[in-house]
Amino acid sequence: MEFNKMSWVLAFLGFMFLGGICKAEGATHFYDFVLKETNFTRLCSTKSILTVNGSLPGPTITVQKGDTAFVNVHNQGLYGLTIHWHGVKQPRNPWSDGPENITQCPIPAGTNFTYEIIFSTEEGTLWWHAHSDWSRATVYGAIIILPAANTTYPFATPDAQETLILGSWFKGVVMEIISDALATGGEPNISDAFTINGQPGHLYSCSNETTYRWLVDFGKTYLLRVINAVMNEEMFFAIADHNLAVVAQDAAYIKPITTPYIMITPGQTMDILVTANQPPSHYYIAATSFVDGNVAFHNGTTTAILEYNGNYSTPPTTPFPTLPDHDDGTAAENFTKQVRALASEDHPISVPLNISTSMYIAVSINERICTNSSCAGPNGNALAASLNNISFQTPSISVLQAYYGGNTSGVYATNFPDIPPYFFNFTGDVANNTIYPSFGTRVRMINYGEGVEIVFQGTSIIAPENHPMHLHGFSFYLVGTGSGNFNSTTSPTTYNLVDPPEVNTSGVPKNGWAAIRFVADNPGVWFMHCHLERHASWGMDTVLIVRNGNTSESTIRGPPAYMPSCSNS
């Protein structure tokens, strides 16, 4: 999008002057994102929402593997915010990763900031979204990473492609919904609809005429890119009478899975081959929530239409897919346990076997004590969340800028624990003494090049459920999952160290555990959090800081010429 050639020149020179341009083999792309309030009508009413370039979803970024993209974000909205490039590793470049007050302070209204997005090993579908409070409810879009020049997919080249983004729609103002919930200590309002490419679909009021339609030709095979941008629910997704052949997850190829449905968590992406091999007609595409905990959730179903091109008589009823019940944990597990990395000669994996940093992290919903039991959460307290009984508090300045400048006093402490402060039957009777966490900004320092294993342990404190954990700056190998409490002797014998999926977001099973591994080969400051937004807002977060190595290629890059000022945000 053309916006202002002079602003691009100044931004580009700024990167060259201080930060430098990271040497890349691929091409360079330029985008302008204009954040602004735009009126949208959904569910019979009109309201103003924050958008990028006036659209919902926002524009798609399309690159090839190994390319670099510069995105100049012009904030014409009402408040400061940031953008995160979800799943992009950003080698040595946390300055453009985006989580608010972790790697940068917000872009103030009326100003602009240019992100440098460095693509490395990713290939497939990722996405971008706002990373300030709940602004990602309407500020999000797709990232398509095509194979590098002179390479191709590990399957027959599809005839065409399509992107479907699952989202949430709130009748209220989303930033007020979360701020009010945090002020009262209670649950935030649930969404009023799910959407596919911004449209709720036929099952919601005043939505029939705007239902999203995907036009296909009989006999052709399509690469369908599905992104879950929903705020607080994991989702089942299916297409009536059409099988789904899942070939990639989180921009890494997997062994193909043929399935009638998928379960996809917030933050995850999946690449799916769909062959238009049914009698030409109309077929429903549908998605509904998977929620296996005793929590409030939106229990609606969003729809789109797969519509064959051509002349034919449309039947009086449109076939609807069979979706699992919202609490069908067996259906969710039956899908997720099939996912295995492709692990081929052209797409190899490298699971670290030598582990020098091990962490065991309890993942919990908690309470914060309120004076005179004056809050709207359980027992008159406020809802909170924690990792290893520490509820993360976002600092008022950027962790990255404090770390890089060496002035960390009062910003964060480096004593995030490797194990829970005390052990108990995490998935059984947890007793009251585990309800109340400590509060603070505590990070974990990791030496460059270490092999890292993190075991996330779900707990039954207050409200056990599946937690999709996301790590910035890395893809990790999901080497194992299980039910109940992790056993350090027997559980590792069940690990898959041959072809585990390489992902950036993965669910921790309700009352169970998930083990991940990665090599800490990306120096910088990297956020780790649950991708259910209410849990992240309550403190289910921490930060991993990977120290520099001994070479220039293992050292964090310098900052760009301009970073948004914390004092002006």
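The values are calculated or read from the model by the stated rules, or taken from the named source; none is laboratory data. These numbers were taken from a predicted model, which means no experiment stands behind them. Methodologically, a virtual Cβ is constructed for each residue, glycine included, from the backbone with ideal geometry; neighbour enumeration extends over all protein chains shown. Note: accessible area is taken over every heavy atom of the protein model, side chains too, but ligands, DNA and RNA are not part of it. Shrake-Rupley method; radii C 1.70, N 1.55, O 1.52, S 1.80 Å.
Among the residues making up the range 241-253, those that are in a strand (DSSP E or B), open to solvent by 10 Å² or more (accessible area, probe 1.4 Å) and not polar (S, T, N, Q) are 245, 252, 253.
Scanning the range 420-448 for residues that are under 25 Å from the mean Cα position of the chain (by Cα), more than 14 Å from residue 386 (Cβ to Cβ) and open to solvent by 10 Å² or more (accessible area, probe 1.4 Å) yields 444, 445, 448.
Considering only the range 101-117, state which residues are of a type in the set (A, V, I, L, M, F, W, C), over 23 Å from residue 474 (Cα atoms) and part of a strand (DSSP E or B). Walk me through how you get there before you give the answer.
We begin by selecting, within the range 101-117, every residue of a type in the set (A, V, I, L, M, F, W, C); these are 102, 105, 107, 109, 113, 117.
Still in the running and over 23 Å from residue 474 (Cα atoms): 107, 109, 113.
Residues satisfying the conditions are 107, 113.
When 356, 374, 344, 386 are screened for being closer than 19 Å to residue 503 by Cβ, out of contact with any Leu (no Cβ under 9 Å at 6 or more places or on another chain), modelled with pLDDT of 95 or more and of a type in the set (Ser, Thr, Tyr), only 344 passes.
Results for (1) over 26 Å from residue 192 (Cβ atoms); (2) in contact with a Phe, Trp or Tyr (Cβ under 7 Å, 6 or more places away or on another chain); (3) open to solvent by 20 Å² or more (accessible area, probe 1.4 Å), shown as yes or no for each residue.
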{"position": "25", "(1), (2), (3)": "yes, no, yes"}
{"position": "35", "(1), (2), (3)": "no, no, no"}
{"position": "40", "(1), (2), (3)": "no, no, yes"}
{"position": "55", "(1), (2), (3)": "no, no, yes"}
{"position": "78", "(1), (2), (3)": "no, no, yes"}
{"position": "92", "(1), (2), (3)": "yes, no, yes"}
{"position": "98", "(1), (2), (3)": "yes, yes, no"}
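I'd like the full set of residues that are among the hydrophobic types (A, V, I, L, M, F, W, C) and over 18 Å from the mean Cα position of the chain (by Cα), limited to the range 519-541. Across the range 519-541, the qualifying residues are 519, 520. Let me confirm something: among 176, 162, which residue is more than 22 Å from residue 331 (Cα to Cα) and without any contact (Cβ under 8 Å) to a residue 60 or more places away in the chain? After applying the criteria, what remains is 176. Filtering the range 118-144 to residues that are under 25 Å from residue 272 (Cα atoms) and either in contact with a helix residue (DSSP H, G or I) (Cβ under 6 Å, 6 or more places away or on another chain) or outside any strand (DSSP E or B) (or both) leaves 119, 120, 121, 122, 123, 129, 136, 137, 138, 139.
Just checking, does the range 124-135 include any residue being under 27 Å from residue 476 (Cβ atoms), crowded, with 24+ Cβ neighbours inside 10 Å, over 18 Å from the mean Cα position of the chain (by Cα) and touching a residue at least 40 places away in the same chain (Cβ under 8 Å)? Looking for residues that are under 27 Å from residue 476 (Cβ atoms), crowded, with 24+ Cβ neighbours inside 10 Å, over 18 Å from the mean Cα position of the chain (by Cα) and touching a residue at least 40 places away in the same chain (Cβ under 8 Å), one finds none in the range 124-135, hence no.
Across the range 345-386, the number of residues qualifying as open to solvent by less than 20 Å² (accessible area, probe 1.4 Å) and among the hydroxyl-bearing types (Ser, Thr, Tyr) comes to 3.
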